[in-house]
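Report on one structure; see the data block that follows.
The values are calculated or read from the model by the stated rules, or taken from the named source; none is laboratory data. Bear in mind the structure is a predicted one, so any value in this text is a computation, not a measurement. Cβ: placed from backbone, ideal geometry, glycine included. Neighbour counts: every protein chain shown. In case anyone asks, the SASA skips ligands and DNA or RNA and just uses the protein heavy atoms, side chains included. Shrake-Rupley method; radii C 1.70, N 1.55, O 1.52, S 1.80 Å.
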Amino acid sequence: MSSGSSRLSISAVVISSLLFVSLSILSSMAEATTKPDEAAVQIVYVERPEAEEPEAFHIRTLAAVLGSEEAAKDAVIYHYKHASSGFSAKLTQSQVEQLSKPNIFGKSHKGLIFVGLGSRVFFRLYLVGPTASMDPGQALLESWGCELTSQERNSDLPNCLKGFYGRSLSSDLMFCVKNSETANRLLEDLVLEKWFSTDSGAKMDFKLRRPLEASSNASSSMMSEISRNLKPGLPFIQCDSTNICYGARQEQSFSEFPPPQVIQSRGLYAREQKTETKSQLEPSSAVNDLVMDWNPRLMLSNLSFLEQKIHQVQDIVRSIISQEGRANELAAQQQLVTADLTYIIIQLISTAGTLLPNIKNALLSATPPVGQPGVMANLPVNASQKQHEVLPMELAKASEYDELIKDLNSGGEGDELIKCLNNSVAEVSESIPIEDHDIKDYDDGLDGENLPPGSYEVLQLEKEEILAPHTHFCLICGKGFKRDANLRMHMRGHGDEYKTPAALAKPSKEASSEPAIIRRYSCPFVGCKRNKEHKKFQPLKTILCVKNHYKRSHCDKSYTCSRCKTKKFSVIADLKTHEKHCGRDKWICSCGTTFSRKDKLFGHVALFQGHAPAIHMDDAKVSGTSDHAQVGETTNGMVANMGYNFSGNASDDAQSLDIKDVDDGQGYFSPMNFDACNFGGLDEFPRSAYDVSESPFSFLSTGTCSFIPRNSEN
Amino acid sequence: MQYHSKQEETRREGEAMERAQQQSSDSILATLSVDLLIQILDRVADPRDRKSWRQVCRGFLLAEALRRRSLRVLRREALQGLLRRYAACLERLDLSACPALDDHALAAALAAGAGLWRLRSVNLSRASGVGWRGLAALAKACPHLEAVDLSHCVGVGDREAAALAAAAGLRELWLDKCLGLTDVGLAKVAVGCPALEMLGIKWCLEISDIGIELLAKKCQNLRVLDISYLKITNRSLQFVSSLGKLEDLSMVGCSHIDDAGLQFLNNGSNSLQSVDVSRCENVTSSGLISVIEGHKYLQNLNIGDCFPELAPLFLSKLNDLRDSLTVLKLDGFQVFAPSLKIIGLNCRNLVEIGLSKCKWVTDEGVSELVAGCVNLMTIDLTCCHLLTNKALAAIGDKCKNLTCLQLESCKLITDKGLDCIGTCCLNLEEIDLTDCTMTNAAMKYLSRCSELKVLKLGLCDKISDEGLVHIASNGKKLRVLDLYRCFEVTDDGLAAIATGCKRIKNLNLCYCTRITDLGLKHLSCLEDLLDLELRGVHYITSLGITAIANGCQHLTELDLKHCHLVDDAGLFALGQYTKNLRQANLSYCQVSSMGLCNLLSSLKCLQDVKLVHLTRVPVEGFESALRASGGRLKKLKLLTGLRHLLSPGLIQMLQAWGCRIRWVDKPLNLVP
């Protein structure tokens, strides 16, 4: 075994955007053979049930191996809670093996879960039985007729398999393919009905075994080399940085469109078609067709399949009810139900996604855990082209979608998700009438405050979302950031693949070709004038406005000025502004009130009859006598120059502000961004309006934002 | 609009008083009752006659005092006595020409005339010595004060404005070029004087949008507002547009204002009658269209030097104003014949048009214009180089009421063109022919216009005595005559002018190098002469100056620059006779420190004096002369070299009195 790998103490490296990773231990086989008892830092990814606290679950998982919860707590170095679920701990090789044994969690993690993520599809296979003795990943490759020489590395894989990353644990196969074409081919080989139709507790036997067996003999001589190539002890997924798609890659276009339903559809068709041929290219064109034209037959089959699935879940739940008592089995079954329901939800969303090609953009942006980054970048072009024809249909579809969700609601689990979905549906249906409007009407509307009610979309964030300190999280270490840019800078430390210009580039807003939807925000505080329930509702312009408004109006003022000890603020920027002039109130009214700003004094004077600004006697003396001659002499010059001092005139400013507002409206913000972690850990680097508000122009937006609340308070 | 009282001057002479006292009490005139005297007085219009009236006797003086409503004070010493005498009935007081007026003098005078109950208007323009104490005293002494003019008092700031704000009844206030004024001062005025109707804050560079906003909120009665050259933005106009009674808005040279701002004015109030947006670089026709749409009764539109070309839409919009628009100024535009034709068609009631420095103004265009606008009285064609006699023929043909014609630098116009004007426009009062190629024949044609008051012939070097004889033959009403660089003019021509044009007030003879003392002696019979410019007339000596000083005792301005032969004797004469002399340019004259000292100490009205290159005056001479001026000087021009030679105390003292010194950066050659 290579000495290089044995030197690795942390054997798990990068994983990008991964949802539903069930327990998978990243262990080094090489280490295991050489130093079985030496403890090393291992990163363990677990599939965590929705309901459980991540830390508690991690500890419980580890306690099963280490013996006690205390020991587990000591061993854990870090909990990964946001992007994916897992922990890092110092473990010996034997402990790793123990952890990786599937029976720790009973039967629950048997099955195939695949999740589309941008251009890639992740597969998780659990192999039980005779296949465990060989490397299934290699076997799979062999079954496709691909040969890997010992010199080839993952990155040099043949084109058809480029992006195929696989690695087997003792009995599992986890792999990822890059594009949907490969995914389709995979799915044709793997007969999926078995996975879902049989009792999930039953043993896995799937047709993959056939090709595996067929090829096993032929490839046996190569096995050892290839398995070394694939570095079985190393992370089960190695991400090529070029494949980390933040949605900026236009050229991939529709082939990568929404993988979930594509795969599903192919999977379903596989039953009927029984395609055995391996050199077909038609699936990819079929994919395109699927995307372009909605197929009601497909939809029907999808739905009936889901129905079937729900019945299965019902059965399991019934069995739980009947066999009360046995705690171990109960927990396992609960997990099973959770997994199944999650799957159902994903299927529903993707099915709905095929239904609503036009709203998808809004939907996906509103539901980041489900959406794919690539979609946002690619969809708008076509979507906007087709927009007008499809528009009447959309309403019907949206309501259909709504019903679907309601159906799902009765299923019971996944409340959080369903709520979010409902939200997003509400938004979608709200957004539909807007598309009728000629957006140009608002382009020149200098004052966003005059928007007629109903001409804009209203979003309402929850209190927790508003007060969340961070909005961007690292998928690897879970660290939170306020700005996307900071996150990108941070990511550089995780490897060279994050240092490419593409990875560092700011996610561009491709929606420019699409008419901007005016988005305004509502304060979650009921009774507030900024709340959408209020009779004289005045919407907030940007997310930053919402944040500042909420903090100023509905939160405690926790920051106290250190100088005067009396003034309190809830927004730290306000405090800083105040501290700049605290104790130096120079604008005084005749009534004795002091002001720190001239415009405030004048506003006060305008408001109260008979009040007038007071004059500083010292100042007056100075201005009264000095420099008359010089002032007089230079007057001409001053006036000549006067016009040029402010070459950037007011209208320019106004314009830039305006543009920014529009940007805000387009920001892919959704209330679900903050739920991303709860849902499953797929964080698609939400390109929310925070990007905008914290961009270099943020001071402008602060200006505009702060203006609105002031008005309202007056 | 402008508050500049046109009341006649009061000239009070000490001897006259004595003579009046010596009148025998049993004179028949003394028996007439006061009301009868007042009735007689009402029929005496001429100020000079009124002066004679005052000098008749004490009774007549009393009657005059009871009748007098306005007073213009020329000497500080007389202020107190005058106010005491006229306090009862005086309504308008002009102190703008009063030298060395300071807080103390003003307060003392107001105290002397205690109960200036009827005083409504005070002009303190250029009274740079007046501060907040004086203004506070003024506001206190005159409860009915309605109008105050503080324009060009560069020292006026917020405190002064605050003192003035105590006069709550103020309706009219001019604060042009009060450089110390800020938003706070304006706010004081706005809060203190809510009845304000007219306000000028031109050149008050410290004022910003915030001040204008408060002003518009507090003074809703504003009718006239001048915000020229302020650093204000469109936001100000948004608030200005809320002034429902605004009739006259001047915003010359507000470079931050653009069309978006003007659109605020289109708010349906329909009140504006006069708009001046000249030199607003960012204003274009679309902004003006919105103004025209919002204000249908616009009479006066000045859009000079805004944007280069007239948009057709704007011209057609002028049709909306066809009944009301009387004054249109388009200075600096590119105006083609079709545009002028449309103006002629759309603006039939136009009385005044300004096309100064417009490009592409042709005979055809002017013909089309006057064909439509037959009521034109004032036509400004300055620097319209393409015009020929045909244009003048068209003007003469159509505009019979023409009173003012500006033709400066229209080089293609010849005598023949003026023939048409002279025959057709008999009401002509003012004509500017500067830099035109006119000859004496043109003067012959113009002599038909008996109403002529202003005649400018600068740089017309072919005009000679013969031409002046023509002018003098029918120039009884001539008040202003400009003969700048008319080299051919000699003493004989001046003799003709002096006999024919007795009422001349302003006479410019600069660089008419053939004039000698004899010519000045002829001019000395022009009693009304106020302003005489003799720059570069080499041959004149102190003799001529003495004659002028003796004859033209009302002289207020005199330019003797480069009159190398004028020496102390001339200055002595000026100091003795021209007591009203306010402005003098003595640069390059042969004067010594003696003459200078005498002049500056004896002329109690002298406020502006230029003393450059007086090679025969030593530093001590300047020092003593300036000390002798006693704080009356407001403007002084000296060589930079003197700056360090003069004692700092003196310079400080001058500046404390409100004197602005201009230092000319030229080499200093002093007598050792």
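Please name all residue pairs, on different chains or six or more residues apart, with Cβ atoms under 7 Å, provided the first residue is in the range B:176-195 and is touching a residue at least 40 places away in the same chain (Cβ under 8 Å) and the second residue is outside any helix (DSSP H, G or I).
Sorted first by the residue in the range B:176-195, then by its partner, the pairs are B:176/B:151; B:176/B:152; B:176/B:200; B:176/B:202; B:176/B:203.
Can you report the number of residues in the range B:589-647 which are out of contact with any Cys (no Cβ under 9 Å at 6 or more places or on another chain) and assigned to a strand (DSSP E or B)?
Looking only at that region, the number is 6.
I want to confirm something. Restricting to the range A:578-589 and keeping residues that are on the phi < 0 side of the Ramachandran plot and surrounded by fewer than 16 Cβ atoms within 10 Å (Cβ to Cβ), which single residue is nearest to the other protein chains (Cβ to nearest Cβ)?
Top of the filtered list is A:586.
Residues in the range B:216-233 that are more than 10 Å from chain A (Cβ to nearest Cβ) and either hydrophobic (A, V, I, L, M, F, W, C) or open to solvent by 20 Å² or more (accessible area, probe 1.4 Å) (or both): how many?
9
Could you please give the count of residues in the range B:368-387 that are open to solvent by less than 40 Å² (accessible area, probe 1.4 Å) and farther than 15 Å from residue B:327 by Cβ?
Within the range B:368-387, residues that are open to solvent by less than 40 Å² (accessible area, probe 1.4 Å) and farther than 15 Å from residue B:327 by Cβ number 7.
Among the residues of the range B:33-68, write down those that are over 22 Å from residue B:580 (Cβ atoms) and out of contact with any helix residue (DSSP H, G or I) (no Cβ under 9 Å at 6 or more places or on another chain).
Correct list: B:33, B:39, B:43.
Could you list, in sequence order, the residues of the range B:601-614 that are open to solvent by 30 Å² or more (accessible area, probe 1.4 Å) and under 19 Å from residue B:101 (Cβ atoms)?
Within the range B:601-614, B:601, B:604 qualify.
Restricting attention to the range B:478-495, and to residues there that are part of a loop (DSSP other than H, G, I, E, B) and β-branched (Val, Ile, Thr), which single residue is farthest from residue B:443 (Cα to Cα)? Even if it seems obvious, please write down each step before you answer.
Keep residues of the range B:478-495 that are part of a loop (DSSP other than H, G, I, E, B), which gives B:478-479, B:483-490.
Pick out the ones that are also β-branched (Val, Ile, Thr) and you get B:489-490.
Working: B:489: 13, B:490: 16 Å.
Here the answer is B:490.
Does any residue of the range B:648-667 turn out to be away from chain A (no Cβ under 14 Å), part of a loop (DSSP other than H, G, I, E, B) and surrounded by 14 or more Cβ atoms within 10 Å (Cβ to Cβ)?
No, that holds for no residue.
Looking at the range B:172-189, can you tell me whether even one residue there is at the interface with chain A (Cβ under 9 Å from one of its Cβ atoms), assigned to a loop (DSSP other than H, G, I, E, B), within 14 Å of residue A:612 (Cβ to Cβ) and open to solvent by 10 Å² or more (accessible area, probe 1.4 Å)?
Yes, the conditions are met somewhere in the range B:172-189.
Could you please give the count of residues in the range B:161-171 that are within 14 Å of another protein chain (Cβ to nearest Cβ) and either of a type in the set (Ser, Thr, Tyr) or open to solvent by 20 Å² or more (accessible area, probe 1.4 Å) (or both)?
Number of matching residues: 3.
Residues in the range B:425-437 that are surrounded by fewer than 19 Cβ atoms within 10 Å (Cβ to Cβ) and either free of Cβ contacts under 8 Å to residues at least 24 places away in the same chain or over 25 Å from the mean Cα position of the chain (by Cα) (or both): how many?
Qualifying residue count for the region: 2.
Need the failing condition index for residue B:617 against (1) open to solvent by 50 Å² or more (accessible area, probe 1.4 Å); (2) farther than 19 Å from residue B:535 by Cα, just the number.
Result: residue B:617 passes all but (1).
Here's a check for you: in the range B:251-284, which residue that is open to solvent by less than 20 Å² (accessible area, probe 1.4 Å) and in a helix (DSSP H, G or I) is nearest to the other protein chains (Cβ to nearest Cβ)?
Per the criteria, the residue is B:261.
Name the residue that is farthest from residue A:599 (Cα to Cα), counting only residues in the range B:235-250 that are more than 14 Å from chain A (Cβ to nearest Cβ) and assigned to a loop (DSSP other than H, G, I, E, B).
Initial filter on the range B:235-250 (more than 14 Å from chain A (Cβ to nearest Cβ)): B:240-241, B:243-250.
Next, from what is left, pick out any that are assigned to a loop (DSSP other than H, G, I, E, B): B:241, B:243-247.
On the way: B:241: 20, B:243: 20, B:244: 24, B:245: 26, B:246: 25, B:247: 28 Å.
The extreme case among them is B:247.
Among the numbered conditions (1) at positive phi; (2) away from chain A (no Cβ under 14 Å), tell me where residue B:313 comes up short.
(1)
Identify the residue in the range B:559-587 that is open to solvent by 10 Å² or more (accessible area, probe 1.4 Å) and outside any loop (DSSP other than H, G, I, E, B) and, among all such residues, is farthest from residue B:608 (Cα to Cα).
B:569
Just give me the residues in the range A:461-488 being open to solvent by 50 Å² or more (accessible area, probe 1.4 Å) and touching a Phe, Trp or Tyr at 6+ places or on another chain (Cβ under 9 Å), in sequence order.
A:462, A:463, A:464, A:467, A:470, A:479, A:482, A:483
Which count do you get for residues in the range B:190-215 that are outside any loop (DSSP other than H, G, I, E, B), touching a helix residue (DSSP H, G or I) at 6+ places or on another chain (Cβ under 7 Å) and within 8 Å of chain A (Cβ to nearest Cβ)? Even if it seems obvious, please write down each step before you answer.
Within the range B:190-215, the first condition is being outside any loop (DSSP other than H, G, I, E, B), and the residues that meet it are B:190-192, B:198-200, B:209-215.
Narrowing further to those that are touching a helix residue (DSSP H, G or I) at 6+ places or on another chain (Cβ under 7 Å): B:190-191, B:209-215.
From what is left, the residues that are within 8 Å of chain A (Cβ to nearest Cβ) are B:191, B:210-211, B:213-214.
Final tally of qualifying residues: 5.
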